[in-house]
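Remarks on the structure that follows.
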Amino acid sequence: MRKSEKHYVCSNCGYESDKWFAKCPICNELESAVEYNTADVTINTGNLKVPDIVFLDQELPPAKKIPTNFQEIDNVLNGGLVEGAVYLLSGDPGIGKSTLLAQIAKSIQIPQGFIFYVSGEESTEQVVQRFKRLEIRNKNIGLIFENNVDVILNAIEKSNITPSVIFIDSVQTLKIDSIDSSPGSILQVRESTRKMVEYAKKKNIPIVLVGHVNKEGAIAGPKVLEHMVDCVLQMELEGGSGLRLLKVAKNRYGPTDEVVLFEITQKGLKPIDNINSFFLSDYSNESGNTLTIVKVGQKLLPIEIQALVSNPVYGSPRRVTSGIPLDRLLMIIAVLSKKLKLPLESKDIFVSSAGGLRISDSSMDVAIALSLISSTFDTPLSFSTIAFGEIGLDGRIRGIPLLEKRLELSQKIGFNNIVIPKNLSPKKNSIVVAESVKDLIKLFKKGG
């Protein structure tokens, strides 16, 4: 029996229907329906392939990995690129995705293999100039300048060279001629990715796709794109510091909470070596400044929290944050105003993390509170004071995970006066236990 179906897909949001529509019922986009004919399918149960059944007690070989020899990338990917896996590297325009891809291609050592670098959005001169700037002279890298998926795969097959890795920059430029929509549309991105995933699994070749993000910061294209690939890497620009944060949002072959910080140089992206002192290099003992240790991915990072409390310039008080979640700040302001009777509700308040590093760890609550109190009184804390703990709505300071490791790191980088929550008994007199926000105000009454 042969079955043929006709679908209509919204080129804006990916909504599918078996009937034509003038206006998408999901995103309300007009004239966005694109006709999509599915291939004829022959249903014949007599000729169906019987798949192998795998039992849990069988000994299966571990997934083979190709080390990139880029230490930080190998750490993030838990050892390297898995053969047959598909990776998606996403980020804002100009953040360094293509540069990172070129550096990975440079560092991979494949004596008897080849790397194919496919560029669908840049000219030959642009790609070659980047490779020269990064001093890449690897003879095992082959460049393909094409955006048609069928032409790309045909060129690879007819080259008589089995690639070890394929890089594609970018997935939003790929197209399939049989689909009546422009490159970058929902349908083109989805079907182009599907073909690449099928090729990677069939040939057991790792493929790295570069993906753009939209103005909301999400990966451009259908949401199913992230489900189709095996690993999603996201590059983010960290505030005014200019740092690039590479994190793993999804990984079927390893942990998803690894992060790497890069700084951009003329020679490409350079990993930050001494990350413990990087954010503390400009620390000064001024009112409104407090140090803390936060968890970013698997790493514990010492970071400076800065706060400025001032009289409002305009009518309504302002709340401005950089790197700090605004909702978290508003909650801490409400707790301090109610429990300590501080006049914060009528003040302009600006709070920032060093370099604008985006932090979601609630263990920085106490440091934010101390910075607000310090700026309100215009009184600095002791130079070597570092604080961490989560503040509850009742004003009590709650315990946090990895407290002992945070203490060890604090002392390792030279801080002895430490403010901690109640869930650990201090072993040194310089460690202050704070049970509630009322204990924080006592630090200032004693002169820090």
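Looking at Arg406, Arg396, which is the one that is touching an Asp or Glu at 6+ places or on another chain (Cβ under 7 Å), among the basic types (Lys, Arg) and buried (at least 18 other Cβ atoms within 10 Å of the Cβ)?
Details: Arg406 fails: touching an Asp or Glu at 6+ places or on another chain (Cβ under 7 Å).
Criteria check complete, one pass: Arg396.
Just need a number here: residues in region 258-274 that are touching an Asp or Glu at 6+ places or on another chain (Cβ under 7 Å) and among the β-branched types (Val, Ile, Thr).
The number of residues fulfilling the criteria is 2.
Would you point out which residue out of Val127, Val208, Val118 is in contact with a strand residue (DSSP E or B) (Cβ under 6 Å, 6 or more places away or on another chain), assigned to a helix (DSSP H, G or I) and aliphatic (A, V, I, L, M)?
Within the list Val127, Val208, Val118, the selection yields Val127.
Can you tell me which residue within region 130-149, out of those that are in contact (Cβ under 8 Å) with a residue 40 or more places away in the chain and in a helix (DSSP H, G or I), is farthest from Leu269 (Cα to Cα)?
The extreme case among them is Val149.
Based on what the data block shows, is Ser310 modelled with pLDDT of 90 or more, small (Gly, Ala, Ser) and in the same structural domain as Val419 (by TED's automatic domain parsing)?
On the way: modelled with pLDDT of 90 or more: yes; small (Gly, Ala, Ser): yes; in the same structural domain as Val419 (by TED's automatic domain parsing): yes.
Yes.
Against the condition in contact (Cβ under 8 Å) with a residue 40 or more places away in the chain, in the same structural domain as Gln112 (by TED's automatic domain parsing), of a type outside the set (Ser, Thr, Tyr) and at negative phi, how does Lys203 come out, does it pass?
Answer is yes for this residue.
Would region 223-233 turn up any residue that is modelled with pLDDT of 85 or more and β-branched (Val, Ile, Thr)?
Step one: of region 223-233, the residues modelled with pLDDT of 85 or more are 225-233.
Adding the requirement that they be β-branched (Val, Ile, Thr) leaves 229, 232.
Looking for residues that are modelled with pLDDT of 85 or more and β-branched (Val, Ile, Thr), one finds at least one in region 223-233, hence yes.
Yes/no per residue for (1) crowded, with 21+ Cβ neighbours inside 10 Å; (2) of a type in the set (Lys, Arg); (3) in contact (Cβ under 8 Å) with a residue 12 or more places away in the chain:
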site: Pro93; (1), (2), (3): no, no, yes
site: Ser98; (1), (2), (3): yes, no, yes
site: Ala102; (1), (2), (3): yes, no, yes
site: Gln109; (1), (2), (3): no, no, yes
site: Gln112; (1), (2), (3): no, no, no
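Which of the residues that make up region 155-185 are in contact with a helix residue (DSSP H, G or I) (Cβ under 9 Å, 6 or more places away or on another chain), part of a helix (DSSP H, G or I) and more than 16 Å from Leu143 (Cβ to Cβ)?
Once the filter is applied, which keeps residues that are in contact with a helix residue (DSSP H, G or I) (Cβ under 9 Å, 6 or more places away or on another chain), part of a helix (DSSP H, G or I) and more than 16 Å from Leu143 (Cβ to Cβ), region 155-185 yields Val171, Gln172.
Answer yes if at least one residue in region 143-160 is in contact with a strand residue (DSSP E or B) (Cβ under 7 Å, 6 or more places away or on another chain) and either on the phi > 0 side of the Ramachandran plot or modelled with pLDDT under 90 (or both), and no otherwise.
Scanning region 143-160, I find no residue that is in contact with a strand residue (DSSP E or B) (Cβ under 7 Å, 6 or more places away or on another chain) and either on the phi > 0 side of the Ramachandran plot or modelled with pLDDT under 90 (or both), so the answer is no.
I'd like to verify a number: residues in region 67-83 that are closer than 24 Å to Pro222 by Cβ and surrounded by fewer than 18 Cβ atoms within 10 Å (Cβ to Cβ), how many?
The total comes to 0.
Among the residues of region 177-184, are any crowded, with 21+ Cβ neighbours inside 10 Å and of a type outside the set (Lys, Arg)? Quick ask: steps written out before the conclusion?
Within region 177-184, the subset crowded, with 21+ Cβ neighbours inside 10 Å is none.
There is no residue in region 177-184 that is crowded, with 21+ Cβ neighbours inside 10 Å and of a type outside the set (Lys, Arg).
Could you please give the count of residues in region 159-195 that are closer than 16 Å to Ile219 by Cβ and small (Gly, Ala, Ser)?
Selection size over region 159-195: 4.
Pull out all pairs, ordered by first then second residue, where Cβ-Cβ is under 8 Å, the residues are six or more apart or on different chains, the first lies in region 325-341 and is more than 17 Å from Ser436 (Cα to Cα) and touching a residue at least 24 places away in the same chain (Cβ under 8 Å), and the second is of a type outside the set (Lys, Arg) and surrounded by fewer than 14 Cβ atoms within 10 Å (Cβ to Cβ).
As it stands, the answer is Pro325/Ser360, since those pairs meet every condition given.
Only one of these is in contact (Cβ under 8 Å) with a residue 24 or more places away in the chain, among the acidic types (Asp, Glu) and surrounded by fewer than 15 Cβ atoms within 10 Å (Cβ to Cβ): Glu286, Glu263. Name it. Show your work before the answer.
Values: Glu263 fails: in contact (Cβ under 8 Å) with a residue 24 or more places away in the chain.
Just one listed residue meets the conditions, Glu286.
Let's see how each residue does on (1) under 32 Å from the mean Cα position of the chain (by Cα); (2) in a helix (DSSP H, G or I); (3) within 30 Å of Arg318 (Cα to Cα):
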| position | (1), (2), (3) |
| --- | --- |
| Arg358 | yes, no, yes |
| Ala367 | yes, yes, yes |
| Ser371 | yes, yes, yes |
| Glu404 | yes, yes, no |
| Pro426 | no, no, no |
| Phe444 | no, yes, yes |
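For region 222-253, which positions are farther than 17 Å from Gln298 by Cα, assigned to a loop (DSSP other than H, G, I, E, B) and either under 12 Å from the mean Cα position of the chain (by Cα) or in contact (Cβ under 8 Å) with a residue 40 or more places away in the chain (or both)?
Pro222, Lys223, Val229, Asp230, Arg252
The values are calculated or read from the model by the stated rules, or taken from the named source; none is laboratory data. Given the structure is predicted, the values throughout are model-derived calculations rather than measurements. Cβ coordinates were reconstructed from backbone atoms using ideal geometry, including for glycine residues, and neighbour counts include every protein chain displayed.
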